[in-house]
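The values are calculated or read from the model by the stated rules, or taken from the named source; none is laboratory data. Just so it is clear, the model here is predicted, and its values are computed rather than measured. Here the Cβ is made from the backbone with ideal geometry for all residues, glycine too, and neighbour counts use every protein chain on show. The accessibility values were calculated without ligands, DNA or RNA, using every heavy atom of the protein model including side chains. Shrake-Rupley method; radii C 1.70, N 1.55, O 1.52, S 1.80 Å.
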Amino acid sequence: MKLLLVVILALSVAILIHSDAFAQKSTYFDTVKFTQYLDENTALEEVRKGNLDMYYERISPDRLENLKSREGLKVFDSAGGSYSILVNPAESDKFNPFSIKSIRFALNYLVDRKLIVNELMGGYGAPMISYYGPSDPEYLTIIKQLESFNFRYDPLLAEELISNALKEKGAIKQNDKWEFNHNPIEVTIFIRSDDPIRKSIGEILASELEKIGFKVKKDFGDLNKAFVIVYGSNPSEMKWNLYTEGWARSAFVKYDSVGLAQMYAPWFSNMPGFNDPTYWNYKNDTLDINTQKIYSGDFKSEEERSDLIKESIADGISESVRIFLASKIDQYVTNEKMSGAVNDLGAGVSSRFTPINSRNNEGELDIGVKEIYQGAWNPVMGLSDKYSRQIWGIISDPITFKHPYTGETFPIRANWNVETAGPDGKLNVSEDAIIWNPLKQKWEKIPPGTQATSKVRFDFKFSNWHNGQKMDMNDILHSLYFAIEWGTQTDENDKTFDTEFTPIASQSIQTIIGVEPIDDNTIDVYVNYWHFDDNEIADWASLWSSVPWEITAAMEQAVIDGKVSFSRSGATSKNVNWLSLILPNDARIIQGYLDEFKGKGYIPESLKNFETNYEYYDVRYTSSSDWIKKNNHAVISNGPFYLKEYSPEARTITVKAFEDDTYPFKVGYWSNFEKTEFPNIIDVELPDNIQKGNDLEIKMETSHTNQILYFLIGGNGEIVLSESIPVEKNTTSIKISREITDKLNAGANDLKIFAISDSVLKPDYYSTSFLTVENKTSLPQISQLDINFDKNNAVEIIWLIVPLVIIIIIIIYARKRKSSKR
């Protein structure tokens, strides 16, 4: 449920380590300054010299390939995000070939994923065909589904599939160019020019499509332009057909409930059309139903959840509206004098723990970033790009987060107790529980006899907001009001409706049965939600707010009055600004409403039942208004740093340490996250050639590994054998019987190995191809009498043999290059 409240981002927690030397401090640095560096070469040299302490963007592998190039640096390998192609499937007056499912699907054979990884990414990544890559906890659940697709780079097959589909629609090919109704079939690719890898992917894809016979138009731009052309336009206008997307992870998640919905399902407002009712919208009821079940916990066992994931993955890949290409292994750098960086498995070194826990005995931490501002800063449907999230993550504390190495949910700003009768039973709901009624615009008591699946009691760790006012239960209740009010569309004229937020929030509020405030810091939350992990129930039921309730109320009124929009698509369709609290103009709009509320003695309907003393409201309005007047922005939150200044001219954002006695986490609290031991595959001994029908032993050397999971995959994509082997020492062997090798097809086959640790959820990954040959027990006997040697033909025979030998050498060399450790 927390995604639907005004909290968008999450943080993490560890065992408290108290430092008497910094009793009143929460961070080692007094100031953190983020500065834009578009050029990675410049940023790298600045980090090396010590002018920057770290750079929050991947460094190309060729820049760090030897010891000399790493002088003055600490280098961190981090699980990065991924690359994908977003495909526009809209039907339009202009013929769109990608409205045809089989043509979208054919793109999977037109992209060379291995080339992207090995050449464009320098081997720092792995091919992927779904949202989940080899480093994701869910990957091992779906590997059999993924292998069944048997995707490979095959442009001839892609052209065959595309040509057949176009001919069925009446298109014709003349002079090697496709036409429809006597017009060339034109494809527009929006290519991210600010990312060299995505730029190359776009160029390669454009070339492949031109070879097939399409007229290709290349449109280059950055994320800001993509927000307008791709995410902000009606798909049927055909301003784009394909877009080179990139994704970053802000957290490592063991039980992902959101990802498949975000990447494949229309209801989550992230597929073409983005649920704007004035646009053409991609529809898929099956994906909606299955991903909503995953999201809302509508399953009765871990096995049923796994089945839903498998079905959704298969449907998402088959639909090919979003096609995944490769997962990234990013290399981040810090200056050699830095210590305390936390290499989160989701966010990498750019996790929010790094600025809080880092130290170098100086007062200011200087961080280089690729972009300083893109999108919008608002906690409802803004903060959607990684650049803003990296900064917001140290400004705002959430109630829960995921452990950086196990992905498990644990508390930050609350303690909790979970009671559940799920999946089949029910608990009685307290007769004092209440719920917001959006039709009657008031809080109502729950009817007697109401039951719920689970109950969670939260004991909050409140502190002061950055403006000096104390967080309280009104902030919590107002956040629940907001989720229900904006998650319910009462009629077509409902002004508390957002095209992106409402469809997401509606899924959550259907499970909320009621809440009962117990005291100033404690609340019981009743939900119809179950999970086999109690902490996931608490995560779903969590109520929290990342900004004071009066800021949310002012934002709400500004949106209702049509001055701004919470979401990108809403801003585009209404021709207003996408609300951004960091911008002075938008901040002044918020300040104006706060002053108006104060002048009118306004008390929100959502709080009338809980606080009647107007002096409380007056102080709240005044404090936030004064903050905006003083700081020229409306970013007020509750984290260890507060926003001091955004300078568009200097391309910098500066945050200052929030030194307040009420803040619950003191310096050093996160230090247990500094170091961890990852599973590692050091060496794999695999013969170049494997004979069918012979026993096979594969020797391995590993470290920090508890078990090995491997998959032996035939040339047709079928998994011939999969097995888990415990690892007691650093060396182990995979033993495969002759009965199994006899099942392998002659030719190329694949081996995938995962090294798994009990303490770190991310496995190490090794993949290679090998050649299987027929087992010849005896050579054919040839009589010497049948051999005639002709000196005149000797030279001709040599010229036949030499090229064959060269070809064999090239094949062996190429095969060795294909084997790479991921």
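Tabulated values for the structure
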| quantity | calculated |
| --- | --- |
| Yes/no for Leu709 being in contact (Cβ under 8 Å) with a residue 24 or more places away in the chain and either under 21 Å from Ile142 (Cβ atoms) or of a type in the set (Phe, Trp, Tyr) (or both) | yes |
| Meets criteria (free of Cβ contacts under 8 Å to residues at least 40 places away in the same chain, open to solvent by 10 Å² or more (accessible area, probe 1.4 Å) and aliphatic (A, V, I, L, M)) for Ile229 | yes |
| Selection count, the range 563-577, where residues are open to solvent by 40 Å² or more (accessible area, probe 1.4 Å) and not in a loop (DSSP other than H, G, I, E, B) | 4 |
| The range 294-312 residues that are aromatic (Phe, Trp, Tyr), paired with ones that are assigned to a loop (DSSP other than H, G, I, E, B) and open to solvent by less than 20 Å² (accessible area, probe 1.4 Å) (beta carbon under 9 Å, 6 or more apart) | Tyr295/Ala265; Phe299/His531 |
| Test: residue in the range 198-207 that is part of a helix (DSSP H, G or I), of a type in the set (Val, Ile, Thr), within 23 Å of the chain's Cα centre (by Cα) and at pLDDT below 95 | no |
| Qualifying residue in the range 67-79 (condition: over 20 Å from Gly122 (Cα atoms) and out of contact with any Ser or Thr (no Cβ under 9 Å at 6 or more places or on another chain)) | yes |
| The range 147-192 - residue that is assigned to a helix (DSSP H, G or I) and among the charged types (D, E, K, R) and, of those, surrounded by the most Cβ atoms within 10 Å (Cβ to Cβ) | Glu147 |
| Every pair of residues 6+ apart whose Cβ atoms lie under 9 Å, when the first sits in the range 666-683 and is within 14 Å of Lys25 (Cβ to Cβ) while the second is assigned to a loop (DSSP other than H, G, I, E, B) and basic (Lys, Arg) | Lys666/Lys25; Val667/Lys25 |
| Residue ID - farthest from Phe658 (Cα to Cα), chosen from residues in the range 379-415 that are among the acidic types (Asp, Glu) and touching a Lys or Arg at 6+ places or on another chain (Cβ under 7 Å) | Glu408 |
| Pair list, Cβ under 6 Å, 6 or more apart: the range 323-348 residue more than 21 Å from Trp392 (Cβ to Cβ) and in contact (Cβ under 8 Å) with a residue 60 or more places away in the chain, other residue buried (at least 24 other Cβ atoms within 10 Å of the Cβ) and among the acidic types (Asp, Glu) | Asn335/Asp53; Met338/Asp53 |
| Selection count, the range 687-706, where residues are without any contact (Cβ under 8 Å) to a residue 40 or more places away in the chain and open to solvent by 70 Å² or more (accessible area, probe 1.4 Å) | 3 |
| Check on Trp280, of a type in the set (Phe, Trp, Tyr) and over 21 Å from Pro97 (Cβ atoms) | no |
| Residues being out of contact with any Leu (no Cβ under 8 Å at 6 or more places or on another chain) and open to solvent by less than 50 Å² (accessible area, probe 1.4 Å) - total across the range 590-610 | 8 |
| Subset of the range 578-588 (residues that are in contact (Cβ under 8 Å) with a residue 24 or more places away in the chain, open to solvent by 50 Å² or more (accessible area, probe 1.4 Å) and in a helix (DSSP H, G or I)) | Arg588 |
| Single residue of the range 30-47 satisfying the filter (of a type in the set (Ser, Thr, Tyr) and within 26 Å of the chain's Cα centre (by Cα)) that is nearest to Asp366 (Cα to Cα) | Thr35 |
| Any chance Lys218 is without any contact (Cβ under 8 Å) to a residue 40 or more places away in the chain and of a type in the set (Lys, Arg) | yes |
| Failed item in (1) modelled with pLDDT of 95 or more; (2) outside any strand (DSSP E or B); (3) surrounded by 21 or more Cβ atoms within 10 Å (Cβ to Cβ), with Tyr387 passing the rest | (1) |
| Test for Leu543: is it in contact with a strand residue (DSSP E or B) (Cβ under 7 Å, 6 or more places away or on another chain) and under 22 Å from Asn415 (Cα atoms) | yes |
| Residue count, the range 608-649 (criterion: among the hydrophobic types (A, V, I, L, M, F, W, C) and either free of Cβ contacts under 8 Å to residues at least 60 places away in the same chain or more than 18 Å from Ile590 (Cβ to Cβ) (or both)) | 3 |
| Where Tyr481 falls short, out of the listed (1) within 21 Å of Leu607 (Cβ to Cβ); (2) open to solvent by 30 Å² or more (accessible area, probe 1.4 Å); (3) of a type in the set (Phe, Trp, Tyr) | (2) |
| Condition broken by Gly273, with the remaining ones in (1) within 17 Å of the chain's Cα centre (by Cα); (2) among the small types (Gly, Ala, Ser); (3) assigned to a loop (DSSP other than H, G, I, E, B) satisfied | (1) |
| Filter result (open to solvent by 20 Å² or more (accessible area, probe 1.4 Å) and over 22 Å from the mean Cα position of the chain (by Cα)) within the range 209-226 | Glu210, Lys211, Lys215, Val216, Lys217, Lys218, Asp219, Phe220 |
| Residue check for Ser542: polar (S, T, N, Q), crowded, with 20+ Cβ neighbours inside 10 Å and at pLDDT 95 or above | yes |
| Test result for Asn745, touching a residue at least 40 places away in the same chain (Cβ under 8 Å), more than 30 Å from Phe252 (Cβ to Cβ) and either out of contact with any Phe, Trp or Tyr (no Cβ under 9 Å at 6 or more places or on another chain) or in a loop (DSSP other than H, G, I, E, B) (or both) | no |
| Candidates Asp307, Asp315 - the one that is open to solvent by 30 Å² or more (accessible area, probe 1.4 Å), modelled with pLDDT of 95 or more, assigned to a helix (DSSP H, G or I) and out of contact with any helix residue (DSSP H, G or I) (no Cβ under 6 Å at 6 or more places or on another chain) | Asp307 |
| Qualifying position, being out of contact with any helix residue (DSSP H, G or I) (no Cβ under 9 Å at 6 or more places or on another chain) and either aromatic (Phe, Trp, Tyr) or open to solvent by 10 Å² or more (accessible area, probe 1.4 Å) (or both), among Glu645, Glu718, Glu674, Glu659 | Glu659 |
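Matching residues to (1) surrounded by fewer than 19 Cβ atoms within 10 Å (Cβ to Cβ); (2) touching a Gly at 6+ places or on another chain (Cβ under 9 Å); (3) aromatic (Phe, Trp, Tyr); (4) part of a helix (DSSP H, G or I):
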residue: Ala376; (1), (2), (3), (4): no, yes, no, no
residue: Leu383; (1), (2), (3), (4): no, yes, no, no
residue: Trp392; (1), (2), (3), (4): no, yes, yes, yes
residue: Pro404; (1), (2), (3), (4): no, yes, no, no
residue: Trp416; (1), (2), (3), (4): no, no, yes, no
residue: Pro423; (1), (2), (3), (4): yes, yes, no, no
residue: Lys440; (1), (2), (3), (4): yes, no, no, no
